[in-house]
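In what follows, a structure is listed as structure tokens, so that the remarks can point back to it.
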């Protein structure tokens with residue numbers, strides 16, 4: 001009888017088990033040890049088994065190659081990895097302005113804090129690119145270890161809309177300001193506002209205001225603060241010792257109490273409840289109820305009416321007309337009136353003349369140095385540094401010569417405009433008090449007593465007084 005073979009001695013070849021994660025994004029291989037002189041699996045057998053288990057993508061061939069040469073048994077090897085889908089990036093907005101303003105006073109070099117220049121207004125000019133939109137991306141598809149695709153999702157577009165005074169490029173990826181104004185985001189829309197409103201006083205909570213449009217201030221403007229507007233300015237409270245400048249008109253509903261510090265400059269007309277202790281320059285007309293102890297220059301007409309209609313103290317100049325109820329005071333307060341000449345043109349003429357004299361003096365000094373250097377240059381006594389200096393001086397002198405010519409032309413035009421102005425007049429509804437100096441063009445008089453209801457004009461070299 002043939003001897004029976006021990007089953008424990010039957011050869012058992014090496015085998016593998018493949019495990020796939022529930023999400024099918026990873027596959028693992030486990031090698032089982034051969035027994036009783038069983039043989040190891042070949043490279044092709046291992047690859048065929050992986051294929052048989054359905055593995056199609058993400059196989060780590062470097063790991064697989066290393067396992068052909070050397071492997072541990074009953075050890076879990078990560079043999080394949082899927083690729084996660086990459087979601088597209090959401091669109092976004094790059095704002096060329098600050099969407100949120102934080103009030104943070106700056107510290108000066110001397111350690112003090114500047115509460116005036118807080119820069120709370122974001123100005124935009126017509127044509128400025130105020131925002132750039134970055135479009136969303138499509139994303140990138142992935143796959144699992146069985147080769148099944150994992151689809152990505154596209155990014156969401158940026159949530160931004162155009163508001164008033166804003167246009168966009170043809171592709172919708174750039175926003176432009178169509179007006180000068182304050183740019184900001186309101187209710188999810190980018191807008192440019194032509195009017196900047198301040199509901200409170202202009203103080204340390206607002207800082208100075210510098211705006212490319214018009215400004216409306218519901219409160220007061222406190223001393224030492226500055227307000228500039230490329231458009232109009234409306235102030236409903238009192239203007240204290242502050243600086244205000246508008247390229248357009250200005251309406252000061254409660255007047256100016258300047259304390260000798262207020263500086264007002266208006267490109268158009270000025271309407272003010274009253275004007276007291278301040279310096280004012282206006283290119284248009286002035287309408288007010290009183291001008292008290294102020295220096296006023298007005299290119300056109302000054303009309304002081306209402307209940308008071310008073311001009312007293314200071315220096316008041318108008319191009320064409322000064323009209324008031326009462327000028328001066330019963331106490332003989334010195335008051336000076338000038339009409340018949342545009343004070344702003346005269347001031348420009350004066351500044352131009354000073355500028356011409358200054359740069360002529362500069363030219364004289366540089367010409368002397370130029371002559372000295374040119375003399376040395378002819379004798380080959382100049383080094384390279386001095387030659388460069390000579391070239392700069394020649395260039396500067398040429399520029400100064402052109403500038404003097406330009407200023408002289410401006411002076412001629414200014415003088416023509418000054419001479420075109422007809423003689424002005426002063427109209428007084430009630431009376432002019434003593435000690436009022438009056439200039440009408442080049443005619444002059446000083447009042448010695450009250451003069452009631454009158455009109456003052458130039459006649460010859462004198463000031464003529466006639467009925468109102």
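Before moving on, here are some points about what is shown:
- Output for the stretch 281-300, where each listed residue is closer than 16 Å to residue 429 by Cα and assigned to a strand (DSSP E or B): 287, 288, 290, 291
- Qualifying positions in the stretch 63-85 - in a helix (DSSP H, G or I) and either within 16 Å of residue 145 (Cβ to Cβ) or in contact (Cβ under 8 Å) with a residue 40 or more places away in the chain (or both): 63, 64
- Within the stretch 349-374, tally of residues that are farther than 30 Å from residue 428 by Cβ and in contact (Cβ under 8 Å) with a residue 24 or more places away in the chain: 12
- Single residue of the stretch 151-167 satisfying the filter (surrounded by 15 or more Cβ atoms within 10 Å (Cβ to Cβ) and assigned to a strand (DSSP E or B)) that is nearest to the chain's Cα centre (by Cα): 166
- Inside the stretch 181-211, residues that are surrounded by fewer than 20 Cβ atoms within 10 Å (Cβ to Cβ) and part of a loop (DSSP other than H, G, I, E, B) make up a count of 9.
- Those residues of the stretch 22-47 which are farther than 13 Å from residue 71 by Cβ, free of Cβ contacts under 8 Å to residues at least 60 places away in the same chain, assigned to a loop (DSSP other than H, G, I, E, B) and touching a strand residue (DSSP E or B) at 6+ places or on another chain (Cβ under 8 Å), in sequence order: 36, 38
- Candidates in the stretch 327-369 are the residues that are part of a strand (DSSP E or B) and buried (at least 20 other Cβ atoms within 10 Å of the Cβ); of these, the one that is farthest from the chain's Cα centre (by Cα) is 327.
- No other residue among 279, 220, 283 is closer than 18 Å to residue 316 by Cα and either without any contact (Cβ under 8 Å) to a residue 60 or more places away in the chain or out of contact with any strand residue (DSSP E or B) (no Cβ under 8 Å at 6 or more places or on another chain) (or both) apart from 279.
- Just one of the listed residues (354, 263) is assigned by TED's automatic domain parsing to the domain that holds residue 411 and either farther than 27 Å from residue 458 by Cα or out of contact with any strand residue (DSSP E or B) (no Cβ under 7 Å at 6 or more places or on another chain) (or both), and it is 354.
The values are calculated or read from the model by the stated rules, or taken from the named source; none is laboratory data. None of the values given here were measured: they were computed from a predicted structure. Cβ coordinates were reconstructed from backbone atoms using ideal geometry, including for glycine residues, and neighbour counts include every protein chain displayed.
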